[in-house]
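Working notes, structure below.
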Amino acid sequence: MPKLNIWQWLSIVINFCVYLLFGWKFAVVMIVGLVCHELGHLIVAKKMGTKTNGFYIVLLVGAVSDIVPCRTLWKQARMLLAGPIVGNIPAIIAIVLYWATGIQWLACAAFWISAFNALNLLPMSPILDGGRIFDAITYSINKKMGLCLAAIMSLVGLAISLVCGFPITGIVMTALGFLILFGEYEKQRQESRYAHELNCEYDDVSINRPLPMTHKQMWMTALIWLVAMLVLTAVCVYVWHIGLVSLRLLLRHGLTKR
Ligand SMILES: [Zn+2]
């Protein structure tokens with residue numbers, strides 16, 4: 001179990017209190033969902049020997065783990081996959097409890113937790129977990145191609161957010177993403193200069209870069225990613241099908257109360 005400092009605990013308590021304004025069920029779902037997701041990243045990172053420093057819950061944003069970059073992209077991919085997979089255990093428990101008790105808000109909770117984790121697995125580079133998993137695969141094939149595809153996926157993410165009516169989230173995420181990608185661009189330019197000076201192949205020069213994945217590891221990552229996506233989507237589709245998606249089931253007064 002990762003140790004949290006006083007500020008990290010405080011971030012959990014403050015966020016819980018803010019979400020309580022919308023009702024205890026909503027607060028529990030938000031905090032349990034976010035905490036389990038971050039614990040997934042942290043526990044797996046720690047197991048693989050990567051240094052971790054806990055996580056913070058950030059209002060309106062979600063949560064951020066403090067993990068030292070992994071030494072290999074295979075470790076990185078497993079650490080990233082663990083967030084949405086472990087983070088969805090509460091949703092599976094909620095569905096089982098719904099079957100056992102018939103309490104409707106539990107199914108609704110399962111939908112929102114699964115939807116959050118499924119969205120997080122979308123390949124929007126380089127901010128979402130799915131985007132970083134996508135990057136781990138593409139950078140393993142070729143770092144220049146990885147950078148180009150990450151920029152394209154980042155713009156696709158922006159377009160989707162604009163179409164779906166989340167312009168501010170999309171713009172902030174894309175701006176942050178491009179800041180990260182610019183750092184990578186500068187690193188690749190430096191590697192190119194070194195390759196020229198040392199008279200060696202560009203792909204043989206690496207500045208502080210995690211080791212790429214083997215083909216087997218890339219396929220494993222893609223397979224786990226796909227299965228996780230299918231399970232999360234199945235939970236969402238099931239709850240949609242039984243008609244218990246409405247947030248009103250979680251909120252104190254319901255969305256439409258005047
Ligand atoms: Zn995550």
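Please treat every number below as a calculation from the coordinates, not as lab data. A quick note: this is a predicted structure, and the numbers were derived from the prediction, not measured. Here the Cβ is made from the backbone with ideal geometry for all residues, glycine too, and neighbour counts use every protein chain on show.
Side notes on the structure shown:
- Note on the chain: with charges restricted to the Cβ of Lys and Arg (+1) and Asp and Glu (-1), its dipole about the Cα centre is near 660 debye.
- Per-residue ³J(HN,Hα) for region 167-179, Karplus 6.51 cos²θ - 1.76 cosθ + 1.60, θ = phi - 60°, Hz, x for Gly and Pro: x, 5, 4, x, 5, 4, 5, 5, 4, 4, x, 5, 5
- Potential lengthening between Val237 and Ile89 on full extension [0.36 nm per residue; Cα-Cα distance subtracted]: 51.6 nm
- Over 28 Å between alpha carbons, listed pairs Lys25/Lys51; Lys25/Lys47; Lys51/Lys216; Lys25/Lys75: Lys25/Lys51; Lys25/Lys47; Lys25/Lys75
- Calculated [θ] (222 nm, deg cm²/dmol) that DSSP helices of n ≥ 4 give over the chain, each run adding -39,500 (n - 2.57): -23500 deg cm²/dmol
- Residues whose placed amide H lies under 5 Å from that of Leu211, excluding near-sequence neighbours: Thr72, Leu73
- Phi to ³J(HN,Hα) by Karplus 6.51 cos²θ - 1.76 cosθ + 1.60 over region 27-39, Hz, x for Gly, Pro: 5, 5, 4, 4, 6, 4, x, 5, 5, 5, 4, 5, 4
- Sorting the segments 38-44, 91-97 by their residues' average number of neighbouring beta-carbon atoms within 10 angstrom, most packed first, yields 38-44, 91-97.
- Partners for Lys187 among aspartates and glutamates (Cα-Cα distance below 17 Å; same-chain residues under 8 apart left out): Asp135, Glu197, Glu201, Asp203, Asp204
- Within region 23-59, backbone nitrogen closer than 15 Å to the virtual label 7 Å beyond the Cα of Val13 toward Cβ: 57
- Rg and Dmax over the alpha-carbon atoms of region 1-51 stand at 12.7, 39 Å.
- Straight-line reach from Lys46: taking Cα to Cα under 18 Å and skipping same-chain neighbours fewer than 8 places apart, the aspartates and glutamates in range are Glu38, Asp66, Asp129.
- Viscosity 1.567 mPa s, temperature 4 °C, Stokes-Einstein D of the chain from Kirkwood C-alpha radius, µm²/s: 66 µm²/s
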